[in-house]
1. How charged is the neighbourhood of Val362? Take every other residue with its Cβ under 13 Å from the Cβ of Val362, and add Lys/Arg as +1 and Asp/Glu as -1.
2. In whole Hz, with x marking every Gly and Pro, tabulate ³J(HN,Hα) for the range 490-503 from phi via Karplus 6.51 cos²θ - 1.76 cosθ + 1.60, θ = phi - 60°.
3. What is the Cα radius of gyration of the chain over 2.2 N^0.38 Å, N being its residue count?
4. As a test of reading the structure, rank Met400, Met512 by solvent-accessible area (1.4 Å probe, protein chains only), most first.
5. Taking the mean number of other Cβ atoms within 10 Å as a proxy for protection, how do you rank 473-485, 310-322 from highest to lowest?
6. What does the C-alpha gyration tensor say about the overall shape of the range 246-358? Classify as rounded when a/c is under 1.5, otherwise prolate if a/b is larger than b/c, or oblate.
7. How much length is gained if the chain between His203 and Met238 is pulled fully straight, taking 0.36 nm per residue apart and subtracting their Cα-Cα distance, in nm to one decimal?
8. Net charge near Ile211, counting Lys/Arg +1 and Asp/Glu -1 over other residues with Cβ under 11 Å of its Cβ?
Amino acid sequence: MEPAEGESSGQVHTCQTIFPAHATHRGELSAGQLLKWIDTTACLAAEKHAGVSCVTASVDDIQFEETARVGQIIIIKAKVNRAFTTSMEVGVKVTVQDILTSVQKLISVAFSTYVVRPVGDEKVYLKPVKLLSPQDHLEHSLAIERRRIRLDHEHVFETLMQESNMEDYHCDNVSNTEEDTISTDLTHVQSIELVLPPHANHHGNTFGGQIMAWMETVATISASRLCHSYPILKSVDMFKFRGPSTVGDRLVFKAIVNNTFQKSVEVGVRVEAYNCEEWTIGQARHINSAFLIFNAVNDKGELLIFPRVKPTTKDGLRRYHGAIARRRIRLTRKYILSNKEDTPSSDLWDRSNQAYLSYSNVATLTVLATKCGWEITSTLDNIKILTQEESDILSVKVEMQVRIPSNLAFFLLSDFRLRRQWDKHYLTCEVVENVNEDEKIYYITSPSVKGDKPKDFVVLVSRRQPCKTGDPYIIAVRSVTLTSVPPSPNYRRNEILCAGFLIHSDGNHSCMVSYFNQVTSGVLPYLAANLIGSSKSIEDTASACIKFLEMDSTEIDSILF
């Protein structure tokens, strides 16, 4: 089937009416049923793009914002955002529509990773996604950043666990002195399911959504043993499929409460699979794990307080501290990725949020670059200045045509220590934390304006090389807070909300360098005179930048070496 005009080849929409069979005793849509629908729709989108059978590899963290009820309609839109070599990211948007009022509310936005089901020994290489709209281009760019987070998640978690010095704790130190604590052993639940043909696809592989639904069931029972009420699933901390299961497998689900946080509880679920032979000898295959977070409400709809728990074993202690680390990551992610465009924010840089701050840095610049409504303020030779106003936020864009290869421009502009060579607004610039090859934190000082105190900045610079032909080089800049670099009485600490460069290649020997800055109060004094026509500081700085980039190789070598 050919896609409709204006529709991506990997896009699928489904609608489902919520019947009593899909709902809980309260008439609310079962979270397990919703997870099945989400996985089915996303898998259809993946297979529509790939042209071959696909299986679920993982599902990113899911937040449930609204509750759907019997009689309402669930609308699920799934689209392949980006195809990598043998895997692809599928974005899913779930809304609920009331039949009587036609009002739609957002339930959830999720991102799943699917891989092509192997056919023999030959690998199937996926074709690129056809990008038809600005939103397609944006999601395509951000998909690579989300992939970085997935790959880095385990490392961040392990780092936090090491920092907690968990091995120095003893079970007696964790809430054992409190009389109202409950042993986590009392919340243990085990269930066994036999995979039958209705639970699997036409190749006999168990549907990922079916496994997720079974996991939700045992997790709900586990949480209910603690709160003695009916838990409501609010979020899932990543489903990760470690191996396949097929028709005839026995799936053993093990759930237990890991920790409570006043009005929420985390339940860990482990899934093991056995075929007939493995079942006889007790040889399990670990195929899935996930952590589900629940709330519970009373008859008035008020959130209940969960009792505190205490682990009684070494493994229970590990899970207890693991829940604390995951919650720290979740709260950091929620805060950083929330919509904070109206005010600058200098977030604390620490172990728990590095991946998300880097994602936010690159994502914010990418979103700014794709916004509509840029208006030309001035044009001078090979320099063009544009501005964009949205919700009282002023953004500036400077386009510079440069006669050097794009990779060389990227190399020279991404090292901010070289910026003093052409930007008079930089007095000093030094690296204060060399995070990795693509992330560095700089301390920058700037001269005073109109007799004010000189300013200083602590900024994260994230650099990204193109993933495919046509993608730009990206150098994203935003302020962060480092405890090792506190504000100085000699400077006025200021913040950069969003700034950076996008570098597009025009051929082997030229490129278009676009500089963006979402203006904050600290940056405005350097730009205000230019924008009202009484100064040409932006043009002068841009001209100096072009001159710096186009200098001959001997001058470059003298600066670098």
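The values are calculated or read from the model by the stated rules, or taken from the named source; none is laboratory data. This one's a predicted model, so the numbers in the text were calculated from it and none came from an experiment. Backbone-built Cβ (ideal geometry, glycine too); neighbour counts: all protein chains shown. Side chains are part of the model used for accessible areas, which takes the heavy atoms of the whole protein and leaves out ligands, DNA and RNA. Shrake-Rupley method; radii C 1.70, N 1.55, O 1.52, S 1.80 Å.
1. +2
2. 7, 10, 9, 5, 10, 10, 10, 6, 7, 7, x, 10, 10, 10
3. Values: Rg = 26.7 Å, N = 561, 2.2 N^0.38 = 24.4 Å.
Output field value: 1.09.
4. The ranking, largest first, comes out as Met512, Met400.
5. 473-485, 310-322
6. Prolate, because a/c is 1.5 or more and a/b exceeds b/c.
7. Result: 10.1 nm gained on full extension.
8. -3
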